[in-house]
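Report on the structure given below.
Every number here is computed from the coordinates shown, using simple stated rules; none is lab data. Just so it is clear, the structure is predicted and the values come from calculations on it, not from any experiment. Please note: Cβ atoms are built from the backbone with ideal geometry, for glycine as well, and neighbour counts cover all protein chains shown.
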Amino acid sequence: MNDNELDRLMNSWDVPPTRRSLRDGLMRQFPRAERLGFIRPLRWALVIILASAALAVVTMAVGEAAQNSDSYADSPIVRFLNHVYENFLQGREARRVEGIVAKIKQSDPKVYVDRLLMAPLEYGPAKTMNVLVPQEGLYSISLYRYTRLRTAGGRSTGWVEAGHIHGNEIEFQAGSKQVRIECSQPIVDGDRPVFVMRRR
Amino acid sequence: MGKTSKKLIRDARRGQEKAFLRLFDEHHLPLFRFAWRLSGSIADAEDIVQECFLALLNPNCGFDPARTALRTYLFGVVRNQWLKRLRRREQRESAESRNCGTPETEAYRGEAAEAVASAIADLPDTQREILLLAHYEQLSLVEIAEITQLEITAVKSRLQRARATLRETLAAYAPRIERVI
């Protein structure tokens, strides 16, 4: 039997087609990033609308400022522009936090309270995470930098900056306890603040 | 590895389903073929391929795009997963599963295919994986050497030995190749 004949004979050994279950089974195990509801499909439309609105407003503001330079800084148009800019920054921050939380989920986070291994991390709404701290209560963790600015009826909602996230570790103070969450891989570049709120 | 694959892996690790599916669509067929020919079982091949893609999501998986092509890395993972499974099974159990195969697997084998599958299954594991990668997946000797962590000369000699054994085992089919294929 020559090489060519052997090759032809070997080629008679076919492979069965792959089944749908291969893809479905894999996707069932895939750790998806949580979706931001209906906003996500519309995000580009939203960006275009905001950019157009901002451009129109800037054009108007420049014209108005030229006519009345004294009231420029306090004008409703400038305040509106600031508002739009802040919303943009907050949106960008929300996407960053979404990415960090997805990384945490994939890196087998271990929770230590005063160096003792605790129950696994739980994930709450709006990219928050929950940790049960013995004798101190349930603490929610947020990595969203604007958390401290959230207010309800002029009063703070209780989020306080209590620690930081660096490399593969999240550390914060929960009452008298030191909480450390250790991930199997680096989850941020540099350092970020961590905000916590005691739930009960 | 192109920039696209790098970006797809990064996005998949961030939880983006579309990126993960694209990686799967681009690479799963050759991996499934290799896993199925190694294991002889559709269920085992599916498990191995799934584990292979899930491993890619772990940033500590050992994949370095600067050193290895994604395709080569993935074949290596399939091989390692298969070896792991092989070690877990008892030798007898393994031989039985190879000889019998599942009904769904048998349905795809004709007379000649059955003889080829059986002859390849009887090769030593170290020759079999090299033959499968070289003949069925058309990988170069360099790529196979990288996957099996052998010298190129060793890969070449094992491939030659495997083909010589097959030529001998399947000699009975030589006169009727035109008819059976």
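Computed quantities for the displayed model
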quantity	calculated
Within 10 Å of each Cβ in A:19-27, the average number of Cβ atoms from other chains	5
Where labels lie 7 Å past Cα in the beta-carbon direction, separation of A:GLN173 and A:VAL58 in nm	4.4
Projected-area average for segment B:1-94 over all orientations - Cα convex hull basis, square nanometres	6.1
Cα-based shape type of segment A:90-135, given that a ≥ b ≥ c are square roots of the gyration tensor eigenvalues and the cut on a/c is 1.5	prolate
Contour minus Cα-Cα distance for A:ARG199 and A:MET27 (0.36 nm per residue)	58.5 nm
Computed label-point distance, nm, for sites B:LYS6 and B:ASN60 using a 7 Å Cα→Cβ extension	2.4
Shielding by partners - mean other protein chain Cβ count within 10 Å, residues of A:2-9	6
B:VAL142/B:ASN80 FRET efficiency (R0 22 Å; Cβ-Cβ; nearest 0.05)	0.70
Efficiency of FRET between A:TYR112 and A:ASN11 - r from beta-carbon atoms, R0 51 angstrom, step 0.05	0.35
Distant-in-sequence amide H partners of A:GLU122 (H built 1.01 Å from N, under 5 Å)	A:ASN130
Estimated distance in nm for a label pair at B:ALA69 and A:ARG43, the labels positioned 7 Å out from Cα along Cα-to-Cβ	3.3
